[in-house]
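Here the structure comes first, spelled out in structure tokens, and everything after it is commentary.
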Amino acid sequence: MSAANPSQKKRKNKGKAPLGPDQAVIGWKEKEFHNLVRGMGFRPEWGAQYPTVGCTAMDAPPGYLTLSASFFREGNFRLPITKFTASVLRNYGLHIS
């Protein structure tokens, strides 16, 4: 058995650590954002905003938070958050902020 994984992409800058999720530039299309907002039933009063070009998760305007699209699609997360979901997250030491 080979130690190398042929399906794994090789990093170009091996000497540098990969960017953390808070430093990665948001790179999705505006159409995908609007499809997510519509598909997940975001209420207009929540004021979901498409990030400007070059933004990271840390660049959310005051009063806003950054949520990952994969959290909704793959983690089956929904808003508004239920008391059950909040209690499960709290049990694991996680919180929505």
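Where a number appears in this text, it was derived from the coordinates with a stated rule and is not lab data. Source: prediction; values computed, not measured. Methodologically, a virtual Cβ is constructed for each residue, glycine included, from the backbone with ideal geometry; neighbour enumeration extends over all protein chains shown.
Take the Cβ atoms of LYS83 and ALA60, set R0 to 25 Å, and the FRET efficiency comes out at 0.50. Nearest 0.05, what FRET efficiency do GLN49 and ASN91 give at R0 = 30 Å with Cβ-Cβ as r? Plugging the Cβ-Cβ distance into 1/(1 + (r/R0)^6) gives 0.45.
What net charge is computed for the residues neighbouring GLY39, neighbours being all others with C-beta under 15 Å from the C-beta of GLY39, Lys and Arg scored +1, Asp and Glu -1? Around GLY39, the charge tally is +3.
Annotation for ALA69 and ARG38: the two label points, set 7 Å from Cα along the Cα-Cβ direction, are 1.4 nm apart. Here the label points at VAL25 and ASN76, each 7 Å from Cα along the C-beta direction, are separated by 3.6 nm in the simple model.
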